[in-house]
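Every number here is computed from the coordinates shown, using simple stated rules; none is lab data. Given the structure is predicted, the values throughout are model-derived calculations rather than measurements. With ideal geometry, Cβ positions are generated from the backbone for all residues, glycine too; neighbour counts draw on all protein chains shown.
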Amino acid sequence: MDLREMRFFLAVAEEGHFGRAAERLHMAQPPLSRAIHALEDELGAPLFVRTPKGAELTDAGQALMAEVPNLLALANRARERTRMAAQGLSGRLDVGIFGSGVLDLIPRMLARFHAQRPEVRIVLHNLTKAEQIVALRERRIGVGFNRLVPPEDDLTVLTVLREKLMVALPESHPLAVRPALTIPDMAGQPLILYPNLPMRGLAQQVLDAFRHEQADARVEQEVEDVLTAVALVASGFGLCITTVSASSLRLPGVTYRPLLSSHLRDIELACVHRRDDPSPVLAGFLDVVHEFAHEHESGRRVRPTGV
């Protein structure tokens, strides 16, 4: 049996007449009759009793009639789900994320994508930069977000935005009275660096800036994530250079000041994915990423001088 035969059978059963069923199917009656005969031969049982008034279902026909609507509904559902998957409107998107990246832009991009494609299941994976690169190559994630992602031949790295840097410090700290801080201001002050990872990140950028500006970097703690870093600031362990988005972590006793530095102005947030990935779901998500990158760049260009 095929779906064409099922539709023919259903039309005759519902109309109770071969002629009216043929009209409904926009076909001639003889081909319809031959198709029903072929179906009866295949099943080894008559499905209709031909009468002067039309056609009535046999017991076998009634048994088939109980199943055909469900079969056609399942076929339509399969067809629709296949179409949606081919267009990236359903399926699954595995996303690699990291600590401070979930504090602002990444959730907003995911929310816009979800609003556009609610049938796509989004699965988040909290991974370091090195872990994301491995997961991409092993196809455990389709896209990742991180900072200072090194160039790789098999990966595409898209800069979504460049984020300004701030200094988190205890509210009671003497430097908290200043409207902004410089690298020399923090010379000799206890510093909390993150992330403490083998691959180059913000911690290394901070130490480079201290060297370039000939300031003494006194490292008090090295931690793996921004929440731990800001929590240590709240406890009075020291100062921490972090991103604007991280300043949304309003822990008691912590305040934030802009960082003024010629060597450490901002840090990028990048989106990384496999170059050869044909996934329509990924393509749809990358459209959203490009939209956000364009919106951020446009906003930066029109921002008034000094803001």
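Between the residues GLY19, THR82, LEU3, the greatest Cα displacement towards the positive end of the dipole of the stretch 3-84, with unit charges on the Cβ of Lys, Arg, Asp and Glu, is found for THR82. The slack in the chain from ALA38 to ARG50, taken as 0.36 nm per residue of separation less the alpha-carbon distance, amounts to 2.8 nm. Distance between the 7 Å Cα→Cβ label points at ARG77 and MET199: 4.1 nm.
Treating r as the C-beta distance of ALA234 and ASP276 and R0 as 41 Å, the FRET efficiency rounds to 0.35. Using C-alpha pairs below 8 Å separated by at least 6 residues, the relative contact order for the chain is 21 percent.
Spin-label model, LEU124 to GLN62: label points 7 Å out along the Cα-to-beta-carbon direction sit 5.7 nm apart. Each peptide in 58-66, 195-203 was scored by the mean count of other Cβ atoms within 10 Å over its residues; highest first, the order is 195-203, 58-66. Once the Cα atoms are used to define both axes, helix 280-302 deviates from the longest principal axis of the chain by about 40 degrees. Think of the chain as having a plus end and a minus end, set by charges on the Cβ of Lys, Arg, Asp and Glu; of TYR256, LEU124, ASN196, TYR256 sits farthest toward the positive end of this dipole.
Dipole size of the stretch 101-186 about its Cα centre, with +1 on Lys/Arg Cβ and -1 on Asp/Glu Cβ: approximately 280 debye, rounded to the nearest 20. Here the peptides 122-128, 243-249, 76-82, 103-109 are ranked by packing, the mean other Cβ count within 10 Å, and the order with the highest first is 243-249, 103-109, 122-128, 76-82. On a 0 to 90 degree scale, rounded to 10, what angle separates helix 68-86 from the longest Cα axis of the chain? Helix 68-86 and the main axis of the chain meet at about 30 degrees. At full extension, ASP225 and ASP153 could sit 23.1 nm farther apart than now, given 0.36 nm per residue minus the alpha carbon distance.
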